[in-house]
Every structure is written in C-alpha cells, then in structure tokens.
Amino acid sequence: MPILNLDPGKLSETEVIRLAGGGVFPPDSPIQTVVKRAITKGHALVEGTGTYVKFPAENTHDGILIHAGALNIDPLPFPGTTRIYGVEAAVFFVVTIGHALEREVDLCFLQRDPVGALFLDAVGSVAAEAVADRLTSVIASEAEALGFRTSSRCSPGYCNWSLEIQKTVFRVLDGNGIGVELTDSMLMIPRKSISGVVFLGKNLNPLNPCKNCKSPDCKDRRS
Amino acid sequence: MFQDLFQAIVKGEAAQVKTLCKQKVADGISANDLLAQGLLPGMEEVGRLFKDGEYFLPHVIMSGKAMEAGMEVLRPLLSASDARQRARIALGTVQGDLHDIGKNLVGMLMAGGGFEVVDLGRDVPPERFVDAVREQGVQAIGMSALLTTTMPVMAKTVQTLNQAGLRGRVKVLVGGAPVSQRYADEIGADGFASDAPSAVELAKRLCGTGILPVS
C-alpha cells in the first residue's frame, strides 16, 4: 500500500467556525482573532498522511461485492439511500492528521483555554477532511488515467453505513503503515482520522450518493 | 451598580470581569450581590441570546470563561457567607469513547453556572459513575457519547445505578452527537441536552441552580 504525505492546504475559517458551533463575528472581534490563531497553530501541528488499497468490485442486487481474494469481505451495502450502478472497483482508504493537534487541544483545556481548545479541535476536523480530500483527489487522478469515474467518499457511520463497516475497512488496510488503530468500539486513534471507500467505474452513477439522500439526520451531506 | 459587570459577562470579557469584581469587593459590595445581580443575570442573558440564535457556542464559552474569572475572585468570599450548598455533578465520556471536547465544554459551563464539577474523564465505565454517586455525593451525572457503539454504556450505567439502589438519589443527563431525547427516554435518563449551554440549563432545571444567592 502506498503511504502519502498529505498537506491539507489552506484551511477555511468559515468551516472552522461552523464546526465550532457557528456564528458571525466581526473582523475585529476577539473570537475572530482566536480563530486565526487556532488555524495558524493547528496547521503547523497537522501531520497529514494517508494510504489506500484497490480491489475489483461489482454491483449485486442489494449491495457491492468486493473481490478481495482470501480476505473474503462481506458485500458492502449501498451508501446513502439510493443504489449505485456501474461499480467496477472499490478503493479503501484511511487518512490521519496524527496525534500532535489532539495533544495541543488537551493542553489548552489544562491551561484553562476552552475557547482555544474549541477552535483548535475544529481546525483538526477541517484539516482531517482536507487531508481526506487530498487523498481522494490522488485516487481520482489515478482512476481517471485508467478511464474510470470516481464516486465521492463514503465513510462508516455516515451515508447510512453502520460503524461496523469499520471492521471491514481495517481488515483490508491491516498494518496500514500510518499508525491508525481501531478500538473495539470502532473509534479510530488518532481521533482526527477518516476512513472510507471510494467506488470506481467507467459508467458509475450516481457519483455522489449524498446528492439524492433524504436522511434528515445527516449534518455532513456533501452535495 | 452592576451594569458594567453584567455587560462584561455578556461580552465575554474575562479580564474585565475579574478587574470589576476585585474593584467592587474593595468598594464594599458583597460577593453575594455581585453574583446575584451581576454575574448570574449576565449568564442568563447569554443563555437567552444563545436560545434566540443571536449568540453561538463560542460566545457562550467566552462568557463562561468570564464567569469563571469572576468566580475566582468571589468564590473564597462566598464560601464564608453562602449558607446553601452548590449542586455537585459528575461528568464523563462513557467507556470505549475518547471524545471529550464536548464533555469538557459542558464541565466548564457547569462550573460557570455554579455547579461543582467532578470530572471523571473519558473511557469511564458504569461503576465509576456509581462510585461518584456513592462516594462523592453527586446529585447528578452527565454522560457523553460520540459513537453509536458506545451509547449502550449509558443504558448500562442507568441499570448499574438501579442495581446499586442509587438511581433515586441522582439525576441522569445524557448528550453527544448520536444521542437523542428519544434515546434518553428509552434508557430511563432524566434528560437529554443537544449542546453545552442546554446541558447547563437542564442541570439547573433538574437540580436547582448551581449557586443560589443568599437572600
């Protein structure tokens, strides 16, 4: 499995504020200052890495069958609330921003700086998403060179997928080489890590399972 | 006389709150009056602004931090004069779960709201919540879970409290992204809060205000 160093790039202030609970703050507000400081500090602490593995796959009546040889993986249910057609391969991935930012969040609380902790934690979440986006861009570029279209990424715990699917993801990414571990309660350590699956196919449709999703509960729909 | 303190709380100006509290104490104003007529009304206003959508979580945390700064000055003076006890609440992220930012923020706002907070940390098994009720005399426990796989520990904790014969002595609050009022009802919790400020409001409703001013 390839191991990639992934820079999250510029982190969005708006997104950091949204994940920290929202709000509109004037540019001269003390909160805006804390946000900017958290982004600078957080960016320096992000150690983005990721890895992935690809298997042939195909649609079945009620899900997606993965051809992983001796790994003998259970079929994956369709993500979201609609069926995906034309799946020819599935790429399992995991990314992380490492432990450093989490430690700094803990330190902020110890130093009685809850506002700094709140925003720094949000920076970590935004950075993890950005790192995952970087990795899926790499996957998409490789797929495109082979003539495949790429779906948006789907993660256990989202997209109508049970968290139990984490077991499958970590089975195929066993010894993932970037130090992400899965606990018995399906928690990834470091916590700011994202795992999931991207589907490939020459006639893949829809590309974004979020788009037609009617789930009233999802706060992270990316359509 | 208390408007400046009230405003400093609402604006989340911790240093200003601390300075004002020191000045007013030196001027002979009682800690109890500063709390009852400056700090607590300020936090109530912050709660109202949050509920009305004018304030967001970061504002509330800033104000909570300002409240804490004021309490640092007033607490030693209050303990000598306040005849009433502060409500004590134990907070923890349940066993198997390590997400604690929400729990920490709730703890900070609870402390700002006048509660005495016993922080049990993260990955807390049911028995430790029970021990907190039995040994530390907490009036409420607040459990947080961020994973659907760890939510059942909340139900197990309620069962363990029942088995220990302690359920009637303690209020149980639950929260966290996958948790809902429906789930709270299902497991026999006393209440669910969807965010940190609501958790403080809920705890006050269930236990009474953390610090009650002496009249």
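None of the figures in this text is laboratory data; all of them are computed from the coordinates on show. All values reported here derive from a predicted model rather than from experimental measurement. FYI the Cβ positions are ideal-geometry reconstructions off the backbone, even for glycines, and counts take in every protein chain you see.
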Open item on the list: How big is chain A along each principal axis, measuring the range of its Cα positions in Å and listing the largest first?
Closed with: 55, 35, 34
TODO: Would you grab the residues whose amide H sits under 5 Å from the one on A:Ala89? Only those 5+ places off in sequence or on another chain, please, with H modelled 1.01 Å from N.
DONE: A:Ala57, A:Leu200
Task: Label-point gap, in nm, between A:Arg103 and A:Ser162 - each point 7 angstrom along Cα→Cβ - done: 3.7
Task: Those lysines that a straight Cα-Cα span of less than 18 Å connects to B:Lys171, excepting residues fewer than 8 apart in one chain - done: B:Lys103, B:Lys156, B:Lys204
Open item on the list: Cut-off 17 Å, label point 7 angstrom out along Cα-to-Cβ of A:Asn5: give me the residues of segment A:11-51 whose amide nitrogen falls inside.
Closed with: A:43-51
- [ ] Would you calculate a helix-derived [θ] at 222 nm for chain B, using -39,500 (n - 2.57) for each DSSP H run of n ≥ 4 and dividing by the full residue count, to the nearest 500?
- [x] -17000 deg cm²/dmol
TODO: Subtract the Cα-Cα distance of A:Leu146 and A:Leu110 from 0.36 nm times their separation in residues, and report this length gain in nm to one decimal.
DONE: 7.9 nm
- [ ] Collect residues whose amide H, placed 1.01 Å from N in the peptide plane, falls under 5 Å from the amide H of B:Val174; neighbours closer than 5 in sequence don't count.
- [x] B:Met143, B:Gly191, B:Phe192, B:Ala193
- [ ] Could you tell me the convex hull volume per residue, in Å³, taken over the Cα atoms of segment B:27-118?
- [x] 111
Open item on the list: How large are Rg and Dmax for segment B:1-74 when calculated on the C-alpha trace, in angstrom?
Closed with: 11.5, 37
Task: Antiparallel DSSP beta bridges within chain B, percent to nearest 5 - done: 0
Task: the protein assembly as shown: Cα Rg divided by the 2.2 N^0.38 Å rule of thumb - done: 1.09
Task: Shielding of A:104-116 by partner chains, average beta-carbon count, 10 Å - done: 4
- [ ] Compute the relative contact order of chain A as a whole-number percentage, counting only Cα pairs closer than 8 Å that sit 6 or more residues apart in sequence.
- [x] 27
Open item on the list: If you wrap a convex hull around the alpha carbons of chain B, what volume per residue comes out, as a whole number of Å³?
Closed with: 111
Task: Residue-averaged 222 nm ellipticity for chain A, from DSSP H runs of 4+ at -39500 (n - 2.57), nearest 500 - done: -11000 deg cm²/dmol
Open item on the list: Could you compute the net charge surrounding B:Thr93? Neighbours are other residues with a C-beta less than 11 Å from the C-beta of B:Thr93; K and R count +1, D and E count -1.
Closed with: -2
Open item on the list: In Å, what Kirkwood hydrodynamic radius results for segment A:1-73 from the alpha-carbon pair distances?
Closed with: 16.3
- [ ] Would you please classify the overall shape of segment B:141-215 from the alpha carbon gyration tensor, given that a ≥ b ≥ c denote the square roots of the eigenvalues, rounded means a/c under 1.5, and beyond that prolate means a/b larger than b/c while oblate covers the rest?
- [x] oblate
Open item on the list: To test your reading of the geometry: what angle, between 0 and 90 degrees and rounded to tens, separates the Cα axis of helix A:100-110 from the longest principal axis of chain A?
Closed with: 40
- [ ] Let me know the shape class of segment B:100-164, please: from the alpha-carbon gyration tensor, a ≥ b ≥ c as square roots of the eigenvalues, rounded when a/c is under 1.5, otherwise prolate if a/b is greater than b/c, or oblate.
- [x] oblate
- [ ] Give me a single rounded figure for B:98-105: the average over its residues of other chain Cβ atoms within 10 Å of their Cβ.
- [x] 6
TODO: Could you rank the peptides A:45-56, A:190-201 by their average count of other C-beta atoms within 10 Å per residue, with the highest value first?
DONE: A:190-201, A:45-56
Task: Calculated FRET value between B:Glu72 and A:Arg83, using beta carbons and R₀ = 35 Å, to 0.05 - done: 0.05
Open item on the list: I need the calculated FRET efficiency for the pair A:Lys41 and B:Glu127, taking r as the beta carbon distance and R₀ as 51 Å, to the nearest 0.05.
Closed with: 0.85
